[in-house]
Amino acid sequence: MINKRQNYSIGKDISVVFLDKDGTIMDGHHYWIKMIKLRGKLLLEFLQLSDDAKLRRKIESTLGIDHDNNKMKNNGPVGVMPKEFNINVLRSELSKIGHELTISNIEDIFVKADLVSSMSIEKYIKPLPGVREFLVNCYKRSITVAILSNDTSKRCELAIKVLGFDQQIKYVFGGEVINKSKKSGHLAKFAMDKIGIKSDKVLNVGDHPNDIAMGINAKINKNVGVLTGLSRLESFSDINCSIIENFNNFTFCND
């Protein structure tokens, strides 16, 4: 059951905040559309089919681009599911149309895309409204902030540095840390163990139901969905969480 309200007040009992990355602290649509197009370009080069516009669109759509609205699809898979899942989906779809690639082929292309994009990462990253102020407020109040993402830790750390959030964000836990789906809660449990914190002291924030499911499955009872990413309000209809429009809706109990 969702609880939508204009503001969410963070109580004095919270000492750690878990944040998703894409769609939560940075514009996931902007980032992933550019990344998917780069992956598609490199894949077509590998297949020696750089001029095949139909295949390019097929690759981009398979990985999650909604071309009609120039945004990411609500369910990705990119930006929602782990990289291994996305690679398998892409391999399967390409096989159906006669392009047989190995998992290793696609992994290498994704790694190359990471390297290429890292050289101009500032073009891929845009902060979302209210995030900077939120992080500064957490830092002033000695609230520890950690990123929990399906993306790799290295990519998360690079994005955080480019955004200028590296002073306020203390921990980064990427998808490679735990070989489990994010919604299973294992990543959150791992993070709590590493930080040395109990679940009743944690606030979990994300833009997708999987982020909230992660918190619930890790026994975190304060979970907030933010409508700045891939999901709409109705996406959270079957989940017990609070909903805010963006980070400007956060307040602190002693403000």
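The values are calculated or read from the model by the stated rules, or taken from the named source; none is laboratory data. A quick note: this is a predicted structure, and the numbers were derived from the prediction, not measured. Every residue, glycine as well, gets a Cβ built from its backbone with ideal geometry; the counts of neighbours run over all protein chains shown. Note: areas computed on protein heavy atoms with side chains; ligands, DNA, RNA excluded. Shrake-Rupley method; radii C 1.70, N 1.55, O 1.52, S 1.80 Å.
Before moving on, here are some points about what is shown:
- Of the residues making up the stretch 181-204, those that are open to solvent by less than 60 Å² (accessible area, probe 1.4 Å) and closer than 11 Å to Ile14 by Cβ are Ile197, Val202, Leu203, Asn204.
- Among the residues of the stretch 67-88, the one identified as out of contact with any helix residue (DSSP H, G or I) (no Cβ under 9 Å at 6 or more places or on another chain) and at pLDDT 95 or above is Asp68.
- Output for the stretch 213-255, where each listed residue is hydrophobic (A, V, I, L, M, F, W, C), part of a helix (DSSP H, G or I), open to solvent by less than 30 Å² (accessible area, probe 1.4 Å) and at pLDDT 95 or above: Ala213, Met214, Phe247
- Residue check, Tyr171 touching a helix residue (DSSP H, G or I) at 6+ places or on another chain (Cβ under 8 Å) and at pLDDT below 95: no
- Test: residue in the stretch 32-41 that is in contact (Cβ under 8 Å) with a residue 12 or more places away in the chain, crowded, with 18+ Cβ neighbours inside 10 Å and in contact with a Lys or Arg (Cβ under 7 Å, 6 or more places away or on another chain): yes
- Every pair of residues 6+ apart whose Cβ atoms lie under 6 Å, when the first sits in the stretch 61-75 and is in contact (Cβ under 8 Å) with a residue 60 or more places away in the chain while the second is of a type outside the set (Asp, Glu) and not in a loop (DSSP other than H, G, I, E, B): Met72/His29; Met72/Trp32
- Breaking point among (1) out of contact with any strand residue (DSSP E or B) (no Cβ under 9 Å at 6 or more places or on another chain); (2) open to solvent by less than 40 Å² (accessible area, probe 1.4 Å); (3) not polar (S, T, N, Q), for Asp20: (1)
- Meets criteria (surrounded by 19 or more Cβ atoms within 10 Å (Cβ to Cβ) and farther than 30 Å from Ile197 by Cα) for Ile10: no
Rundown of residues vs (1) among the acidic types (Asp, Glu); (2) open to solvent by 10 Å² or more (accessible area, probe 1.4 Å), yes/no style:
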site: Glu100; (1), (2): yes, yes
site: Asp114; (1), (2): yes, yes
site: Tyr124; (1), (2): no, yes
site: Leu128; (1), (2): no, yes
site: Val136; (1), (2): no, yes
site: Lys140; (1), (2): no, yes
site: Ser153; (1), (2): no, yes
site: Cys156; (1), (2): no, no
site: Gln167; (1), (2): no, yes
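- Filter result (in contact (Cβ under 8 Å) with a residue 24 or more places away in the chain and open to solvent by 50 Å² or more (accessible area, probe 1.4 Å)) within the stretch 42-60: Phe46, Lys58
- Selection status of Ile178, surrounded by 15 or more Cβ atoms within 10 Å (Cβ to Cβ) and in contact with a His (Cβ under 6 Å, 6 or more places away or on another chain): yes
- Here the stretch 132-159 is the region considered, the condition is being among the hydrophobic types (A, V, I, L, M, F, W, C) and at pLDDT below 95, and the residue that is farthest from Phe247 (Cα to Cα) is Leu158.
- The one condition in (1) modelled with pLDDT of 95 or more; (2) within 25 Å of Asp27 (Cβ to Cβ) that Lys198 fails to fulfil: (2)
- Count of the stretch 170-191 residues which are in contact with a strand residue (DSSP E or B) (Cβ under 7 Å, 6 or more places away or on another chain) and free of Cβ contacts under 8 Å to residues at least 40 places away in the same chain: 6
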